[in-house]
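What follows draws every value from the coordinates through simple rules; no lab data is involved. Here the structure is a predicted model, which is why all the values come from computation and not from measurement. All Cβ positions, glycine included, derive from the backbone under ideal geometry; neighbour counts span all protein chains shown.
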Amino acid sequence: MRTLVQVLKKVYQDYAILYPPAENIEISNVYTALLEGGYGRLPGDYATFLMMTDGLFWNGLELFSTQEHERNNGAHFHRAIVPMQASFSSNPMLKKKIILGIAPEELIAYDATRKEYQIIDRHSYTVFVKFPNFADILYFYVRNVLDK
């Protein structure tokens, strides 16, 4: 298993888009908004990720940030957790799951009830991989680059 720092360092070298770390108040605001919205608690290891980089975009994988970030003079906006959660909340298949990011065919979620990270098919909403922590789910996506 790789640590979160090792994974982020490697994807940065592979041209990932990383952002400055989120401030504690920004993470606290997301935590509060998710709880008040009835979605559950922002997992601690994802909050740790946000303290390292407030979001990530790499090879089609987008991990949401505490706030929207503008890129390329407004040509692209990196999406934030809370508004994205609101957009998925009407789907009963995603109840009690916090959507942390997307990949080309998947949603990256944290199931607050089961206390596990999940990769969910974006069309059938079937969970097809589960992980105990955030570093493992990120490693799942970047392992081919890391193992070179």
What is the ratio of the Cα radius of gyration of the range 10-51 to 2.2 N^0.38 Å, where N is its residue count, to two decimals?
-> 1.39
If you count, for each residue, the other Cβ atoms within 10 Å and average over each peptide, how do 17-27, 46-56 line up from highest to lowest?
-> 46-56, 17-27
Which net charge results for the neighbourhood of residue 69, defined as the other residues with beta-carbon distances under 15 angstrom from its beta-carbon, given Lys and Arg at +1 and Asp and Glu at -1?
-> -4
Based on the Cβ-Cβ distance of residue 113 and residue 24, what FRET efficiency does E = 1/(1 + (r/R0)^6) give at R0 = 22 Å, to the nearest 0.05?
-> 0.25
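In debye, nearest 20: dipole of the chain around its Cα centre with unit charges on the Cβ of K, R (+) and D, E (-)? Walk me through the numbers on the way to the answer.
On the way: 15 positive and 16 negative charges, 77 e Å.
Around 360 debye, computed over the chain.
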Count, lysine Cα pairs under 29 Å in the range 4-146, 8 or more residues apart or across chains = 13
A student asked for the Cα radius of gyration and Dmax of the range 4-146 in angstrom ought to give 14.1, 40
Hey, if you put +1 on the Cβ of every Lys and Arg and -1 on every Asp and Glu Cβ in the range 19-148, which of 139, 117, 104 ends up farthest toward the positive end of that dipole?
-> 117
